[in-house]
Each structure stands twice: as structure tokens, then as C-alpha cells.
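Everything on this sheet refers to the single structure shown next.
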Amino acid sequence: MPVDEAAPAGAVTTQLDAALGWARKYSIFQYPFVTACCGMEFMSTAASHYDLDRFGAAFPRFSPRQADVLMVVGTISHKMAPVLRRIYDQMASPKWVVAFGVCTCTGGFYNNYATVQGIDTIVPVDLYIPGCPPRPEMVLDGLVKLQAKIQKQRSGIGS
Ligand code: SF4
């Protein structure tokens, strides 16, 4: 093919981004940062009945260096905040953060001196799942929304 008929470089990059996004959204390795009662509903969602394998998200990693989604589940105290930030910093990019339950989203009922009033004051949050605790169906809905966000993310290759 003559050079002037070749696909523009941007088109190749766009196709590559689409392929990488598709692969990433179906290979989510989550790091469960579980501190409180929302953990029960998280375990329920992760059990066989809801089958997270359908979304490529069933396999947790307990090393931040092997995870790409930080799943923050439960109340976060100010004492715990530096630990959460350290875990986030240890994860390689690209990475995403999910606030699971109203305590992580806003502090929930715990409007007091000891509780972080939303984890987005510590780490950037990509997805908020409200509820006390959120039902598994809400978590699955959130997971699908996160997958859509992952799919759209540009790889940065070629730019
Ligand atoms: S949102 Fe409700 S269930 Fe979840 S950690 Fe807070 S108090 Fe517990």
C-alpha cells in the first residue's frame, strides 16, 4: 500500500487503545481493603452465587503490586488513612479505586473526630457504591460501570 493510503497513526493507536481497554476490563485483579461490616456483603458478592468470573473480576490479589483495582470496603479511621494511601501508592498504573459502602463514600453515620469523611480525601476514587451495606446487585452494577470506564481509558501509547 502506498504511504499516502496508509491508515493515519491515530487510527492505529485508537484500535490499540480499544483492544487494551477490552482486555483490561475483563482482567480485573482487586485488592480488598476490608475494615468493617461491609466486608460481609463484599464476601457475599464474591461468593459463587453472583459469579464474579463473568466479569473477569473474581480473583483477588493480596499484594498491591499485583492488583489494579483497590476495593475499599468499610469505615476508614484517620489512624488507618496513611496505610490506605501507602497501599494505593504501591499499586502500579493503570489503577482504579472503588469506594464500597456509604462509610467509604462520605463517612456515613460516623461524623466524628475518628472517621475519615470520604476516602476521596486520601486517594482518587473512580467509583462510589453507596448503601449500608450495598446489595450485591449494586456492586455488580458498579462493576459494569467501572468496566465501561476502564474500556474508555487511553493507554498513552503513541502520544
Ligand atoms: S456502610 Fe454500613 S455496613 Fe458498611 S461499613 Fe459502614 S456501617 Fe458498616
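Where a number appears in this text, it was derived from the coordinates with a stated rule and is not lab data. The model shown is predicted, which means the values in this text are computed figures rather than measured ones. Note that each Cβ is placed from the backbone with ideal geometry, even for glycine, and that neighbours are counted across all protein chains shown.
Mind checking which of V12, L127, I150 is farthest towards the positive end of the chain's charge dipole, using Cβ charges of +1 (Lys, Arg) and -1 (Asp, Glu) about the Cα centre? Comparing the listed Cα positions along the dipole, L127 ranks first. Within a straight-line Cα-Cα reach of under 18 Å, K25 can be paired with the following aspartates and glutamates, leaving aside sequence neighbours fewer than 8 residues apart in one chain: D17, D51, D53, D68, D126, D141.
Taking neighbour counts of Cβ atoms within 10 Å as a proxy for exposure, in what order, fewest first, do S27, S48 appear? In increasing order of surrounding Cβ atoms, one gets S48, S27. The shape of the chain comes out prolate: with a ≥ b ≥ c from the C-alpha gyration tensor, a/c is at least 1.5 and a/b beats b/c. Residues K149, K79, K95, ranked from the fewest to the most other C-beta atoms within 10 Å, line up as K79, K149, K95. Counting every other Cβ atom within 10 Å of each residue's Cβ, C103, C37 order from fewest to most as C37, C103. Helical content of the chain, expressed as a calculated mean residue ellipticity at 222 nm, amounts to -11000 deg cm²/dmol (DSSP H runs of 4 or more residues, -39,500 (n - 2.57) each, divided by residue number, nearest 500).
With +1 on each Lys and Arg Cβ and -1 on each Asp and Glu Cβ, and nothing else charged, work out how big the dipole of region 4-159 is about its Cα centre, in Debye to the nearest 20. Write out the running numbers ahead of the final one.
Values: 14 positive and 12 negative charges, 85 e Å.
Using Cβ point charges on Lys, Arg, Asp and Glu, region 4-159 gives about 400 debye.
Net charge in the neighbourhood of V139 (other residues with Cβ under 12 Å of its Cβ; Lys, Arg +1, Asp, Glu -1) is -1. Taken as Cα centroids, region 53-72 and region 78-143 sit 15 Å apart, rounded to the nearest whole angstrom.
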